[in-house]
Every structure is written in C-alpha cells, then in structure tokens.
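These notes are about the structure you will find just below.
The values are calculated or read from the model by the stated rules, or taken from the named source; none is laboratory data. Only a predicted model underlies this, so the values are computations on that prediction, with no experimental measurement involved. As a convention, Cβ positions derive from the backbone with ideal geometry for all residues, glycine included, and neighbour counts pool all protein chains shown. Areas reflect the complete protein model, heavy atoms only, side chains present, ligands, DNA and RNA absent. Shrake-Rupley method; radii C 1.70, N 1.55, O 1.52, S 1.80 Å.
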Amino acid sequence: MPENRRPAEQLRSRLPSLTGLRFFAALLVFCFHVTLANSPIPPNKPINPFADPALADATAWLFSKAGYVGVSFFFVLSGFVLTWSSREGERARPFWRRRLLKIFPNHLVMWSASMLLFAAAITPWTAWLPNIFLVHSFFPQADIYVGVNPPSWTLCSELLFYLAFPFLIRPIRRIPVRSLWFWVAVAVAGMVAVELVTQFLIPDTPRSPITPVSTTQFWFGYIFPPSRLFEFIIGVLLARIILAGKWPAVTIPQALLATAGGYVAALYVPFLYGFTVATIVPIVALIGAVATADLRGTSRMLARPTMRWLGEVSFGFYLCQGVTVFYVRRLLGHEDGFGTPAALAVIVLFLIVTLAGGWLLYALVERPAMQRWARSRKPGEVAEPAVPTPVR
C-alpha cells in the first residue's frame with residue numbers, strides 16, 4: 001500500500017541541511033578537477049599545480065574518486081528532491097518548464113563563455129551543436145561528450161531524469177512500502193550490471209587520455225545518461241522510504257563514517273567499480289541521515305545561513321569550473337607545476353574565482369530566470385514547494 005498521505009504531507013518541509021550538503025559535494029568535484037593529471041580540454045595538458053612529483057601524484061590519487069562521489073551524490077539527490085516535492089496530480093508540462101529553467105540559462109551562459117574563450121577554436125560544429133541542446137553525452141566520442149564546457153556533460157543526465165520523472169513516479173508510487181528496499185537493491189544490482197557490461201562487452205581501446213580505460217568504456221560506464229538512471233531511481237525510492245517512515249536509525253556520524261569507508265574502497269577496487277558502485281550505499285545513507293535529521297530538527301551546522309548560501313550557489317560553482325579551473329590553468333602556464341606554497345595559492349585562487357563565478361551565475365542568471373518564469377500564472381496549477389535544488 002502507498003504511504004499514508006496525511007503523515008507524508010506533514011513530513012514534507014524544507015530540508016536546509018541537504019542544501020548545505022550540496023556545497024561539499026560540489027567541493028569534492030572541484031578537488032577532483034583541480035588535481036587532475038591531465039585536462040579534458042585538448043591538448044590534455046596537466047592541471048595539477050604541484051611541481052613536486054610525489055605531491056602531485058599523491059593529490060591526484062587522493063582526489064581521484066572525489067568527482068565521481070560528488071556527481072553520484074547529486075544524481076541520487078535529484079531523484080530524492082523531485083519525489084519529496086512532487087504531488088499526485090501535478091501536470092508534466094509545468095514541471096518540465098521549471099526544470100528546464102533551472103539548468104538551461106546557466107548552461108547557455110557557460111556554453112557561450114567557453115566558446116568565446118577557448119572552445120570555438122578547437123570544437124567542430126558536430127560537437128558544439130549537440131552541446132547546446134544537452135544531448136552531447138549520448139555520443140561515445142570523447143571530443144563530443146566532454147566538449148565545450150566539460151562539466152556540462154552531467155546536465156545531459158539531469159535532463160533525461162527530468163523528462164523521465166513524470167513517467168517514473170507513477171509506477172514507483174504504486175510500489176508497496178514493504179517492497180521499497182527490495183527495489184533499491186535491484187537498482188544497485190543494475191549499477192553493477194552496467195559496469196560488468198562496460199568491462200566485458202565494451203571495447204577497451206583506444207585508451208582515454210585522462211583515464212586508465214578506453215574512451216568508450218568511460219563513456220558507457222560513467223557518462224552515458226541511461227547508465228546513470230539507476231542512481232536517480234534510488235533517490236526516488238529513498239524519498240518514498242523516508243516519507244513512509246521506514247528509514248533505519250542511521251545517524252549522520254555513522255553515515256559519514258560509511259561514506260569515508262566507501263571512498264577508501266573506491267580507491268582500491270577496479271577502476272570501473274569506483275565510479276558509483278563502491279560508494280552508492282554510503283551516499284544513500286548520508287542523504288537519508290541528513291534528511292531525517294532535518295525533519296527532527298537535530299541538524300544545525302549544515303542548516304546555517306552560510307551553508308545554505310553555499311548550497312544555493314553550488315550549481316554555478318560546479319558549472320563554471322570548465323572555465324575557472326581548466327581554462328585559467330592553461331593561461332597560467334607552468335605545465336611542470338609550481339612550488340608547494342605557490343601551488344596551494346593557485347588552488348585557493350581557483351576556489352575563490354570559482355565560488356565568485358557560481359555566485360554570479362546564481363544571482364544574475366539562475367535566480368532571476370526562476371523568479372520570472374518558473375511560477376505558473378494559470379489558476380489551479382500546483383506550485384513547486386521550496387526544497388533543495390537537485391542540480392549541482
């Protein structure tokens with residue numbers, strides 16, 4: 001039977017701590033990008049700023065899974081938040097309008113900035129055209145799926161999630177409460193199946209210039225939007241589990257410990273299984289624990305105004321890293337790196353510039369677009385509740 005509607009409606013509220021947690025997920029992606037051995041922008045020169053080879057290798061290894069964890073977190077969070085805020089009877093068209101407004105204005109601004117600054121000189125129309133419409137990660141060619149503004153590949157997956165959600169939520173709402181955890185396990189098994197297919201059925205040549213697997217394996221196992229649907233569905237199921245009162249007594253410290261353990265595991269398991277499989281259970285535990293702490297009013301640090309602000313600008317913070325990290329690093333030169341104090345200063349500079357870029361996108365593009373066009377002017381149309389934004 002579906003969860004009792006009245007208690008579920010009483011549960012639905014703002015989840016400020018999840019908003020704050022979004023920034024730490026985006027920060028993980030930043031740490032991954034700023035310590036990469038090679039840029040995704042041709043000619044794939046080094047990004048890691050440390051001249052000391054041992055320090056460069058150590059930081060590249062330490063943060064080598066940080067971006068994967070951050071992206072997986074946001075994909076699960078997308079399903080969770082959309083389900084949390086959804087109401088039976090809500091029409092698909094206004095939902096799609098709000099979601100498209102959430103991602104396309106920021107995307108188009110950063111697409112234009114990337115093209116003006118560097119991408120136009122190295123990107124053929126066959127790559128920049130699908131990028132405009134956020135379908136580029138459906139192509140297995142590396143110059144297309146990480147073309148123009150490389151971080152924008154995740155928006156292709158988000159767009160697929162948004163388009164699919166009105167159709168997915170209906171059958172998922174009909175799943176009996178007692179079966180929800182079973183379907184979470186099925187979705188996790190689906191994630192494992194994706195990597196098994198990637199390992200044994202996808203060609204392992206030619207090798208990617210930025211990963212230890214082939215460009216096609218990296219695409220199918222990590223970039224291809226349908227391959228990421230399982231994480232989104234897990235988020236949808238997780239929201240239903242919490243609304244139904246079936247979340248186990250997992251605390252935030254326990255979830256953080258599990259997340260650290262999952263991250264360590266991701267560092268040592270075979271490369272393909274470090275994308276999502278090693279960390280999906282800890283990510284579910286962390287989102288569930290933080291959400292239930294918000295509902296009980298016991299989560300304080302992540303709910304502070306500063307953390308909420310950082311969470312709100314985290315989408316822009318993520319999206320402008322293609323310019324503020326990859327492009328600016330190329331402008332700085334010093335391909336052999338900097339001395340340790342100077343390298344740390346470069347990282348701090350990147351962080352400040354990226355955070356400022358994220359704030360500008362939020363203040364001048366994202367928020368005005370949502371305020372102007374997201375709310376329906378038609379009488380009787382369901383308005384979207386104020387909940388954490390699922391996109392990074």
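Things worth noting here:
- Highest-MSF residue in the chain out of TRP111, TRP373, TRP84 [GNM, Cα springs under 10 Å]: TRP373
- Solvent-accessible surface (1.4 angstrom probe) belonging to GLU366, in square angstrom, nearest 10: 0
- Positive dipole terminus of the chain, leading residue within VAL325, ALA54, ALA343 (C-beta point charges): VAL325
- Rounded to the nearest 500, the 222 nm mean residue ellipticity of the chain from helices alone is -19000 deg cm²/dmol, with -39,500 (n - 2.57) taken per DSSP H run of at least 4 residues.
- Taken along the Cα-to-beta-carbon direction at a fixed 7 Å, the label points for GLU335 and ASP204 span 3.0 nm.
- Förster radius 30 Å - calculated FRET efficiency between ASN38 and GLN254, Cβ distance, rounded to 0.05: 0.25
- Most mobile of PRO270, PRO40, PRO49 in a GNM of the chain (Cα contacts under 10 Å): PRO270
- Potential lengthening between ARG178 and VAL348 on full extension [0.36 nm per residue; Cα-Cα distance subtracted]: 56.4 nm
- Heavy-atom SASA rank of LYS102, LYS45 (probe 1.4 Å, accessible area, largest first): LYS45, LYS102
- With an a/c value of 1.5 or above and a/b larger than b/c for the gyration tensor axes a ≥ b ≥ c computed over the alpha-carbon atoms, the stretch 16-82 is described as prolate.
- The HN-Hα couplings worked out from phi for the stretch 122-137 by the Karplus form 6.51 cos²θ - 1.76 cosθ + 1.60 (θ = phi - 60°) are 10, 10, x, 4, 5, 9, 6, 5, x, 5, 4, 8, 6, 10, 5, 7 Hz, whole numbers, x standing for Gly and Pro.
- With R₀ fixed at 22 Å, the C-beta to C-beta distance from TRP373 to ALA92 puts the FRET efficiency at about 0.85.
- Extension gain from LEU108 to ILE122, taking 0.36 nm per residue of separation minus the Cα-Cα distance: 3.2 nm
- Contact order relative to length of the chain, as percent, for alpha carbon pairs under 8 angstrom and 6 or more apart: 33
- Residue separation of TRP61 and VAL281 scaled by 0.36 nm, minus their Cα-Cα distance, works out to 77.0 nm of gained length.
- Here the spin labels are modelled as points 7 Å beyond Cα on the Cα-Cβ line, and at PHE24 and TYR268 they lie 2.3 nm apart.
- VAL353 accessible area, 1.4 Å probe, all protein chains in place, Å² to nearest 10: 60
- Put simply, the amide H of PHE50, placed in the peptide plane, has neighbours under 5 Å in PHE338, leaving out anything fewer than 5 places away on its chain.
- Computed accessible area, ASP143, all protein chains, 1.4 angstrom probe, square angstrom: 90
- Sparse-neighbour loop sites [trypsin sites (Lys or Arg not before Pro); the stretch 238-318; at most 12 other C-beta within 10 Å; DSSP]: ARG300
- Where MET110, MET301 fall by accessible area, highest first, once all protein chains stay in place (1.4 Å): MET301, MET110
- Rounded FRET efficiency, nearest 0.05, which uses the C-beta distance separating ALA189 from THR306 and R0 of 35 Å: 0.30
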